[in-house]
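Enquirer: A single structure is presented below for examination.
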Amino acid sequence: MIEKLTLTGFGKFKEAVFGLAGVTLVYGPNEAGKTTFFDALFQAICRPSETKKSGKVLKARYGAGRGALAEPLPVPISDEEFLNLYAIREGDLRLELDKGTEWLEKLKSRLFHGGLDPSAFAAEFEKRSSDSRTLTHTRELEKAKATLDQARRELEAKKQERNSVLAREKKLAEAEAALQETRKLLRAGAEEAVRLESEIASEEKIALRRKWNGYLARLDEWQQSGTEAETLAPFRLDRREELKSLRDATVKAGAAIQAERGKRDQQTDLIAQAKVETRGMREAKEAAAIRSAAAAKLAASAMAYLAGKKPRGGLPVWTIAAMGLAIGLGGLGAAWLAVKLAVASAAAGVLLAVSAFILGSRAASAQARADAAAALARWKDEWNLVAGPGVAQSTALVGGASVGAVNLATPEGFLQAMETASREKENAEAREWEAARRLESLQDGLEKITATLAGLTEAEALAHRAEKDWLARYGVESAESYAERVSRCRQVDSDLGKRRAELETLAGGSDLNAFRVDLHRKLLALDEAGVPQHGQDEAALQRLRNRRREMLKEQEIVGGTERGMIADREGLAGEIRGAFGKLAGDMVAWEKAVADAEEEVAGKELDKRAAALALEIFRSIGYGADQVLAGLSGEMEAMLANILPAGRTVSLQGLEDRQIQVMDAGGGMRSLDQLSTGTRHAMVLAAKLAMARKHRPGPGLLVLDDPFLAMDDERETKAMEMLREFHVRHGWQIVLLTKSPPLAVKAEGIFPGLRRIDLAAFA
Amino acid sequence: MPRILHAADLHLSDAEKDHGLAVFAELIETALRERVDYVVFCGDLFNTFADAEKLRADFRRMLGAPPFEFLYLPGNHEELQRGGGDLTRLDFGAATVLHTRPWELLRRDRGGVAVEFLAIPHQEQYQGYADWPVPAKAAPWRIALAHGVVAGMAYRGPDDEGGATAIDADLFTRFRADYAALGHIHGRRSQRIGGAIFSYPGSTRVWRRNETGPRGALLLELPSASAGTDTGLPEPRFIPFASAGEYRKYILPLTLEGEPADLEAQSKAWGAADYIEVAFTGVVEDERSAAASADRLRARYAARVRALDIDRTGVSALPGIASQPMVRQFLEAWEARAPRPGENGCVDVSAQAIWIRARELSLNLFKANLERLA
């Protein structure tokens, strides 16, 4: 309790000491210094800093030299706490709880569980366990997780890098192997190049030998050509026309001989034919002589037969004619055809005649016919023996008479036929003679031709000899040979010049004999060097050279590849060497970073889970706060009941203005700002007292400057009585300031032991 | 069938001489009991060069003339406090010290099967290893020894195992190692990379905080040559060392009055070589109560274990907090939410962590609020 307040240089009070009691009434009319006294108490209790608003106001109002000392020295409290909770200025009854001031927080804490609010704890742990991304711990957890992820990624990247290094190293080993292969290729190539070089050198020497031998051969050929040219000198003048005329003469003679020989051959053929014909005629004549004799005999027989008989009108004319025809035919056949055919023809004629006779005599009497037939048969048989069967018939035909004309069936007819046949010999002889004449003529012609041919043959032999002699003069066999020599001579003459010119070019202008000697010398040197006599041909040598060229190109390429590979290998090896070891260190560092980050994340997650558990615990405790609020509202109700008539229910949902509800006169619940002024003032006073008591564990000080202005007399009295109760029950010191004389008087009646200070006495 | 015992990171030190040598003795005993042909020790046998100088006589004496070959590859710790000293000049008795850098190749044929040892002592950097002219593998098995961090083996424990250079796993596969016997990382782990087994046996003893789990060595049995080349290597078998102790950490929430939870049940599992760390958490009425609780714990348990660290950095004090009804109300509600053991009788570790952390966060918020009110 403040017992003494000493003011120095504080507004009106230059030097003033006020003694204070449990309840002190400070009375002063307007301008007496009531506000200064209030401010002095405020200064003494709160000692506000001059950097704060209230301190600045006091300094401006009362100067820097002001002094206000309360004794005993009270525990300082904040401006807001004093003004809001322990003081009422000039009837200004407001709660202003929702300003969120520190004193209110303290009040809230003290109201519950000895000053601790479980709902505040619950709220704190709700935050700490919340997943809301706006909260610091969530952001920190996310940051820790991000750090962990980053560390894991870095670690993974290092692992990848390390694996890549190992892979590259493997590649390096492969590159090394490839390099060795390449080098092997290079070595093989070099060896082959050497071999090719040697082979080519050897082949080139062989080629030289071949070339020089070729030159020598050409020299020989040239010399041989010279010799040949000499031998061909007679042919240098072309006399083929001369030879041709000789030739023509021979050919012409030959052609004449040929023509004559043709004639001779034709003549010979004709003679041969004539000889055959003559021989045939002779044979026909001999056969005809036989038949003519037989026919004469048979004619005689027939004539004799006919003479022994009555002639019956004699031998018909056609029979005779037939016989004659038969003979004629026989003779003709004998002359032109073969002898046998002639005979047959004659016989046929005879037969025809006989037949004609037989046919002619068919009309005779049967006896006569029988006799005649017997005679005829006999004659015919005889005739047939001579002329052969059917000759009679043939004779008839040869005779040129028809069967009907020569009736061989009759003796007359037969007679006629036989007479005709007996004349055949003569005919045959005539024809033989003609043939002999013709043969002779032909043989004469042949002799003439033979004589001509002999003449021609001699002429031809002369011409031929002349030609031969001409050719022999030039030593050739034929005109063709001569022509060849002439042509050869020309060619040799032509070649000789060319060859010489070429050889002189090869010899480089030196003498060709010297050239030859030189070639021999060189060849000898090759022999001495052991160069083989024979090698590959020029094409093969060229192939070797091509191969060598390709080989050199390949070697160049492979060599380039080798250089590239060496450079690559060196580069790769450098990278790898740098990376090994270092990467292991990096990996371990990142493993450590991962472990640290995991630990941090685990710690934060543990805190979050622990906060959730704590939240659960504080929520379970938090239900007790409702009871405390209910207690406080009851206290307010009790205090309010001291002022207002009838019981007014007070409901506290919390300690914010809007959370305080009071029953109005009508029985409805209204929030503080909706109450009548008098009721609100009463409620605020009651609430302040209730909260002030709750706020301080022990007795405190209330400074009330005309707190009852809006109350009627009855309420004012009741309010003062309530203050008295408060003072008595809880021991709080009360300083009541007023400008109202009746209130001062009333207070003196209500508060026993009240000390009254009249400010007018100190001014 | 050669048998190899693979260990690393014993960190023998003069400061913890007895403990360190006890573990070394168990290493030797194990090698004898298991009838191994080789012991490969992959670095940090001594904690510093100075320790190597001081303890080498004990080392020589204890190693004696064993029936196995002890291959000792120095690590980064043997470089510490070296001054002008030279490890190669120190006598390590029967041990074969593999200090030739950057590598050396040994061929042995104990157990009737030829084995090549490719020793890669700790070095500043391994760059250029691809060009090392390591001869082609000419034995059925090749064991590589190295001390460092192999990239890709899930490095854990920031800064604790610094000081060694990272090694690419390729170094081992490139030179056809069948087994990479590694040292430096104190957590045991084994991994197959590119057909080879890469193993860290972990520290041979608990050397410092957070080295949880049993400590010991790995036993590798190489199949005989005929079978071996086809079947590949079997996984090494871990042999825990009783003398190595275990690191056990307990987070104990303190009551508002500074009383820790009871450790009696847990302490029954503790061994004399164990390294116990107790971390207090919470907000207490009076900081002195937490200190007093720590003293009580020490008095009760310190003598039973190799080391007992009590960490009070997680505790803060706020006078008046004990009288705050809401704090009490919170703690009651929090206790009621303690994770229950599951069907297997075990408590979900993550649920436990969340539960403990919820208390820590809430008490800190209480403290902040109350400080603001005051």
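Enquirer: If you fit an axis through the alpha-carbon atoms of helix B:17-33 and take the longest principal axis of the Cα set of chain B, what angle between them do you get, 0 to 90°, nearest 10?
Expert: For B:17-33 against chain B, the angle is about 50 degrees.
Enquirer: Let me ask you something else. Output wanted: per-residue J couplings in Hz (rounded whole) for the stretch B:63-71, from phi through Karplus 6.51 cos²θ - 1.76 cosθ + 1.60, θ = phi - 60°, x for Gly and Pro.
Expert: Those phi angles translate into 6, x, 10, x, x, 10, 9, 9, 9 Hz.
Enquirer: Here's a follow-up. For the pair B:Leu106 and A:Arg168, how long in nm is the line joining their label points, each one 7 Å along Cα→Cβ?
Expert: 3.7
Enquirer: Mind checking the full-extension length gain between A:Arg545 and A:Glu480? Use 0.36 nm per residue of separation minus the Cα-Cα distance, one decimal, nm.
Expert: Going from the current span to full extension adds 18.4 nm.
Enquirer: Quick one: in the stretch B:3-244, what % of C-alpha pairs are over 33 Å apart?
Expert: The calculated P(r) of the stretch B:3-244 puts 10 percent of pairs beyond 33 Å.
Enquirer: Okay, moving on. To the nearest 0.05, what FRET efficiency results for A:Ala430 and A:Ala370 with a Förster distance of 56 Å applied to their C-beta separation?
Expert: Efficiency computed from Cβ-Cβ geometry: 0.85.
Enquirer: Now a separate question. Could you give me the ³J(HN,Hα) list for the stretch B:136-148, computed from phi with Karplus coefficients 6.51, -1.76, 1.60 and θ = phi - 60°, whole Hz, x at Gly and Pro?
Expert: The phi angles translate into 4, 4, 10, 9, x, 10, 10, 10, 9, 10, 8, 10, x Hz.
Enquirer: Exceeding 20 Å between C-alpha atoms, which entries from my cross-link table qualify? They are A:Lys4/A:Lys746; A:Lys14/A:Lys53; A:Lys244/A:Lys468; A:Lys171/A:Lys553; A:Lys184/A:Lys553.
Expert: A:Lys4/A:Lys746; A:Lys14/A:Lys53; A:Lys171/A:Lys553
Enquirer: Any idea how far apart B:Asn344 and A:Lys498 come out in nm if each label point goes 7 Å out from Cα toward Cβ?
Expert: 11.4
Enquirer: Follow-up question, since we're still on this one. How well do other chains shield peptide A:585-595, expressed as the mean number of their Cβ atoms within 10 Å of each residue Cβ?
Expert: 6
Enquirer: Quick check: net charge around B:Val115, other residues with Cβ under 9 Å of its Cβ, Lys/Arg +1 and Asp/Glu -1?
Expert: Charge balance in the 9 Å sphere: +1.
Enquirer: Report, as an integer, the average count of C-beta atoms from other chains found within 10 Å of each Cβ along B:317-329.
Expert: 3
Enquirer: Separate question: So how much slack lies between A:Gln258 and A:Asp131, counting 0.36 nm per residue of separation and subtracting their Cα-Cα distance, in nm?
Expert: Between A:Gln258 and A:Asp131, full extension yields an extra 31.3 nm.
Enquirer: Continuing with this model, one more query. I'd like the orientation of helix B:349-373 relative to chain B: the angle between its Cα long axis and the longest Cα principal axis, in ° from 0 to 90, rounded to 10.
Expert: 40
Enquirer: A:Ile621: net charge of surrounding residues, Cβ under 11 Å, Lys/Arg +1, Asp/Glu -1, itself excluded?
Expert: Counting the neighbours of A:Ile621, the net charge comes to -1.
Enquirer: Go ahead and estimate [θ] at 222 nm for chain B from helices alone: -39,500 (n - 2.57) per DSSP H run with n ≥ 4, summed, over the residue count, rounded to 500.
Expert: Rounded to the nearest 500, it is -8500 deg cm²/dmol.
Enquirer: Could you work out how far apart the two model spin labels at A:Leu237 and A:Ala525 are, taking each label as a point 7 Å from the Cα in the direction of the beta carbon, and quote it in nm?
Expert: 5.1
Enquirer: At a Förster distance of 56 Å, what's the computed FRET efficiency of A:Leu186 paired with B:Arg89, Cβ-Cβ distance as r, to 0.05?
Expert: With R0 = 56 Å, the Cβ-Cβ based efficiency is 0.60.
Enquirer: Still on this model: In whole angstrom, and with the biggest value first, how far do the Cα coordinates of the protein assembly as shown range along each principal axis?
Expert: Each principal axis gives a Cα extent; for the protein assembly as shown these are 246, 99, 74 Å.
Enquirer: Arranged from highest to lowest average of other beta-carbon atoms within 10 Å per residue, in what order do the peptides A:130-143, A:714-727 appear?
Expert: So the peptides A:130-143, A:714-727, ranked by packing, come out A:714-727, A:130-143.
Enquirer: Let me ask something else about it. Run the numbers for A:Glu71 and A:Arg756: contour at 0.36 nm per residue of separation, minus the present Cα-Cα distance, in nm.
Expert: Stretched fully, the A:Glu71-A:Arg756 segment lengthens by 244.8 nm.
Enquirer: How many partner chain Cβ atoms sit within 10 Å of a residue's Cβ in peptide A:598-606, on average, as a whole number?
Expert: Mean partner-chain Cβ count within 10 Å for A:598-606: 2.
Every number here is computed from the coordinates shown, using simple stated rules; none is lab data. In this text the structure is predicted, and so the values were computed from the model without any measurement. Here the Cβ is made from the backbone with ideal geometry for all residues, glycine too, and neighbour counts use every protein chain on show.
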